[in-house]
Amino acid sequence: MTSSCPSSRVERARPLLGTTVKVLVQGMDAPRAHAAIDKAFAQVERVHALMSFHEPASDLSRLHRAPLGERVTVDAMTVEVLEEARQLAEMSGGVFDITIGGQLVRDGLLPSPQGACPPDPSAYWKDIELLETQVCLHRPLWMDLGGIAKGYAVDCAVHALKEHGVTHGVVNAGGDLRFIGTGPHQVAIDTMLPDRANIPALEVGEVAVATSTPRARAAHAAIPHRDALHRLPVGGDLLATVVAPRCVHADALTKVVLALGTQSDAMLRHYDAEAYLQSPAGEWTCIGQVIS
Amino acid sequence: MKSRFLLIPAYALVVAAPVQATVYMSVEQAQAQMFPGATLTPDFVTLTPEQVKAIEKASDVNVLSPNLKAWRVSTGGWFIADQVVGKHEFIPFALALDDKGAVKSVEILEYRETYGDQVRNAAWRAQFTGKTHAAPLKLGTDIQNISGATLSSRHITDGVKRLLATYDLVLSKQPG
């Protein structure tokens, strides 16, 4: 297993996207590996700058401040993420909806954006109109890309590494990760449950893996995951790990799986993804998997 | 899309990387990476109690040590090696500032994974030492990748905030 992984390795980590982003490159001499990692981090930094809820200069903040109905020109990356989010919202019947920003602000999970008009509580994903390079909001709303942009940033970093000749490596943004190289790769799942005799792990190929759980927030009243359709915190004490070809989908689908459980099956298959859902008692259910 | 789900007995991961520190870079490597081709001259500072107080007031972050490891960069700017307290351990990191005192980049130098309380607990691990050969699954020597809920990097962000205040109040006033 280890024989497929070249021995030379360069690994670096930076604090980005509100978490620790790690990039590992194997089988490449150090100067080239560092140059590739620099490019990968640059991509993550770019996604961070464009899609941060907090940064006043981000595309997201500019959209929040724009007069209603105005077409705002945004970066192609932002359009791509918003389009992915639109598709996920449509397919999940609105369970995945980035317009939950207003609610997260109200619950104290996000700071109130400066200079933005208060969100309309009835606004939802269909109020975001996507044009080729422009975005137009039809009702005042606040978008939060916290459930999707991290995965997207991982994909961008992976593309940058590949462009620079990397054939073995991994990008891990605080637990949402994607591999380069056929593997097999092993990933442990941090369930945050104490006193377990077994550690759950996955053996995967060249794919992305993401995990979400409200367990980390158990001590606090507010939970960041929302069933946007019902505007309710979801997940109870569940944990969802999703394996998908792209990290943007793995990341976003964890929230859909937390909200819909086994009913997310068709959607997972659409994205060529599969999920592992852990109950509060520690039992695992596989969803979206073809049983052979 | 095919993945294989495994439940690995915790004792099989006794020697696994998740409980150990990952060293990403030495201070020297970080210097070469963050300021390629530049010469760095140490300009270490011991902060006075008044300076510590002023930094804490400006940044709203506690100063852990009055000893500041700062280097002046020949091409302009500063390199600072510092550390913050993470969830359980110190996290050493390096901060590169440009000649205007703005953040150029931050590199984490060393990081300890915190995977599950039981695995983290040294006493718990010790009782299984030597039993790894009994692991029913032939894994690699360790599992280095962990998928989990996002842990905030706020402590590092706070550390950077503290160092920016330190630059503003102390380093920028140092005679060159």
With θ set to phi - 60°, apply the Karplus curve 6.51 cos²θ - 1.76 cosθ + 1.60 along the stretch B:57-72 and write out the HN-Hα couplings as whole Hz, x wherever there is a Gly or Pro.
5, 6, 9, 6, 10, 5, 8, 7, 9, x, 8, 10, 8, 10, 10, 8
Distance violations [Cα-Cα > 24 Å] among A:LYS22/B:LYS173; B:LYS104/B:LYS173; B:LYS53/B:LYS161
A:LYS22/B:LYS173
Relative contact order of the stretch A:249-292, please, whole-number percent, based on alpha carbon pairs below 8 angstrom and at least 6 residues apart.
33
Among A:GLN43, A:ALA208, A:PHE179, which residue has its Cα furthest toward the positive end of the charge dipole of chain A, with +1 on Lys/Arg Cβ and -1 on Asp/Glu Cβ?
A:GLN43
What ³J(HN,Hα) values, in whole Hz, does the Karplus curve 6.51 cos²θ - 1.76 cosθ + 1.60 give for the stretch A:266-274 when θ = phi - 60°, with x put for Gly and Pro?
4, 5, 4, 4, 4, 8, 6, 10, 9
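Using only the heavy atoms of the protein chains and a 1.4 Å probe, how would A:TRP284, B:TRP71 rank by accessible area, largest first?
Final ranking, largest accessible area leading: A:TRP284, B:TRP71.
Could you rank A:CYS247, A:CYS117 by how accessible they are, 1.4 Å probe, largest area first? Don't skip to the end; give the middle numbers.
On the way: A:CYS247 0, A:CYS117 75 Å².
These residues rank, largest area first, as A:CYS117, A:CYS247.
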Calculate one ³J(HN,Hα) per residue across the stretch A:9-14 by plugging θ = phi - 60° into the Karplus curve 6.51 cos²θ - 1.76 cosθ + 1.60, and present them in order as whole Hz with x for glycine and proline.
9, 10, 10, 9, 9, 9
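Can you pull out the buried accessible area for chains B and A, both sides counted, probe 1.4 Å, rounded to the nearest 100 Å²?
Details: alone 11270 and 13390 Å², together 20450 Å².
Adding both sides of the contact gives about 4200 Å².
Is there a simple number for the mean count of other chain Cβ atoms within 10 Å of the Cβ of residues in B:77-86, and what is it? Before the final figure, lay out each step's value.
Details: counts 0, 0, 0, 0, 0, 0, 0, 1, 0, 1.
Taking all residues of B:77-86 together, the mean is 0.
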For chain A, give the percent of accessible area contributed by carbon and sulfur heavy atoms, probe 1.4 Å, rounded to a whole number.
53
Separation of the stretch A:1-70 and the stretch A:85-159 by C-alpha centroid, Å?
21
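Ignoring ligands, DNA and RNA, how do A:THR262, A:THR19 rank by accessible area with a 1.4 Å probe, largest first?
On the way: A:THR262 95, A:THR19 5 Å².
Most to least solvent-accessible, the answer reads A:THR262, A:THR19.
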Amide H neighbours of A:VAL95 under 5 Å, counting only residues 5+ apart in sequence or on other chains, H built in-plane at 1.01 Å?
A:LEU229
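The values are calculated or read from the model by the stated rules, or taken from the named source; none is laboratory data. Every value quoted in this text rests on a predicted model; they were computed, and no experiment measured them. Virtual Cβ from ideal backbone geometry, glycine too; neighbours counted across all protein chains shown. Quick note on the areas: whole protein, heavy atoms, side chains included, nothing else; ligands and nucleic acids left out. Shrake-Rupley method; radii C 1.70, N 1.55, O 1.52, S 1.80 Å.
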